[in-house]
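J.: Shown below is the structure under consideration.
What follows draws every value from the coordinates through simple rules; no lab data is involved. Values in this document were obtained by computation on a predicted structure and should not be read as measured data. We place every Cβ from the backbone using ideal geometry, glycine too, and count neighbours over all the protein chains shown.
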Amino acid sequence: MGVLAGKVCLVTGAGRGIGRSIAIAFAQEGARVAVTARSTAELEEVVGAIRSAGGQALAIVADLADGAAPTRIVEQVRAAWGPIQVLVNNAGIGSSANPKPVVSFDDDFWNLSLQINLTAPYLLTKAVLPEMLQARSGRIITVASINGKIGSLHGAAYAASKHGVLGLMRTLAMETAREGITVNSICPGPVHTAMNDKRLAYDSTRLGKSFDDLAAGLTPIGRRLEPDEIAPLAVYLASDASAAMTGQSINLDGGIVMTG
Ligand code: NAP
């Protein structure tokens, strides 16, 4: 039996990249996994992969730019399987979608970044909390970033939203520490996904360096991480084994940030 056997889990942004890896790893550990994103085709592919391996999965198409989406997503999972026991706030929008220095930053992009990376996790968390408090059990995991701890050149909204979400999750960890709920964040460095490919392409043009040389120079280990290298930490944070860990923001970054 897997370490997440029977657990009802929601993973946002699970159509590709890190969220996809986490959803598949959760299902391999026996969880029932609801996956959400905007792209129907990507969600169907993930659900198909989980089901064909004998797991249980549910696709919910939703745009987290819509402030009403979090409640609707949580209600749909509850209707299918009951209360959510593990929430993974993974969906995100990167700096690469519209990189600019602060002086010329696009205000609409600022608002969108904060909506997806900070407000949506806040609303989703608020929607799952009452039932976790009632059950005196739950796991809230947020995929933040090392840019929640250090700046992101030409990515002010990204860094501000990721710093913000760490503050939210640390506060929530204080509020729930005696309630059987743990609240932890994963802070990845550069991971080989569509989001990071786009950022590397921007930096490659900006600096006049090759994509591959830049990728190799990003981390002390000499390469980007793969999404499957993030998922095992999410499994641990979702499992009973991590009951004594809360309020943490764990760097998983090939050794970029070594100061906490
Ligand atoms: P990705 O490959 O671009 O995947 C992002 C996921 O979020 C997709 O499933 C996307 O689906 C979903 N998403 C984006 N905007 C959305 C919206 N408005 N509504 C609903 N879903 C939305 O990115 P990734 O690299 O796996 O990133 C996952 C998380 O890791 C993000 O929070 C990111 O900030 C964080 N992270 C990534 C890296 C990295 O180097 N890759 C480093 C540190 C932290 P749709 O587009 O279909 O909606």
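J.: Tabulate in residue order the Karplus-calculated ³J(HN,Hα) for the stretch 147-158, using 6.51 cos²θ - 1.76 cosθ + 1.60 with θ = phi - 60°, rounded to whole Hz; enter x for Gly and Pro.
T.: Here the 3J(HN,Hα) series is 6, x, 10, 10, x, 10, 4, 6, x, 4, 5, 5 Hz.
J.: What shape does the stretch 1-114 take by its C-alpha gyration tensor, where a ≥ b ≥ c are the square roots of the eigenvalues and a/c under 1.5 counts as rounded, a/b above b/c as prolate, and the rest as oblate?
T.: prolate
J.: Top mean-square fluctuation among G55, G15, G138, Gaussian network model of the chain, C-alpha springs under 10 Å?
T.: Greatest mean-square fluctuation among the candidates belongs to G55.
J.: Ok, one more. Return the sequence-ordered ³J(HN,Hα) values of the stretch 82-92 in whole Hz as given by the Karplus equation 6.51 cos²θ - 1.76 cosθ + 1.60 applied to θ = phi - 60°, using x for Gly and Pro.
T.: Computed from phi, the couplings for the stretch 82-92 are x, x, 6, 9, 9, 10, 10, 7, 10, 3, x Hz.
J.: Would you compute, from DSSP H runs of 4+ residues alone, the mean residue ellipticity of the chain at 222 nm, taking -39500 (n - 2.57) per run and dividing by the full residue count, rounded to the nearest 500?
T.: Values: 9 runs with 112 residues, N = 260.
Taking each H run of at least 4 residues, the total per residue is -13500 deg cm²/dmol.
J.: Under a point spin-label approximation (7 Å from Cα along Cα-to-Cβ), what is the E179-D240 distance to one decimal in nm?
T.: Distance between label points: 2.2 nm.
J.: Taking amide H atoms as placed 1.01 Å from N in the peptide plane, list the residues 5 or more away in sequence, or in a different chain, whose amide H sits under 5 Å from that of L58.
T.: V33, A34, V35
J.: With a cut-off of 8 Å between alpha carbons and a minimum separation of six or more residues, what is the relative contact order of the stretch 84-199 in percent?
T.: 35
J.: Further, regarding this structure: Could you list which residues have their amide H under 5 Å from that of V143, counting only those 5 or more apart in sequence or on another chain, with H placed in the peptide plane?
T.: Long-range HN contacts for V143: N89, N90, I186.
J.: Right, next: Could you list I140, I256 so that the one with the fewest beta carbons within 10 Å of its beta carbon is first and the one with the most is last? Write out the running numbers ahead of the final one.
T.: Numbers: I140 27, I256 17.
Ranking I140, I256 by Cβ neighbours within 10 Å, fewest first, gives I256, I140.
J.: I need the shape label for the stretch 211-260. Rule: rounded when a/c is under 1.5, else prolate if a/b > b/c, else oblate, with a, b, c from the alpha carbon gyration tensor.
T.: Because a/c hits 1.5 or more and a/b fails to exceed b/c, the stretch 211-260 counts as oblate.
J.: How about K7: which lysines have a C-alpha closer than 24 Å to its C-alpha, ignoring those fewer than 8 places off in the same chain?
T.: K126
J.: Separate question: Excluding residues on the same chain fewer than 8 positions from K209, give the lysines whose Cα lies under 17 Å from its Cα.
T.: Within the straight-line limit of under 17 Å, K209 reaches these lysines: K198.
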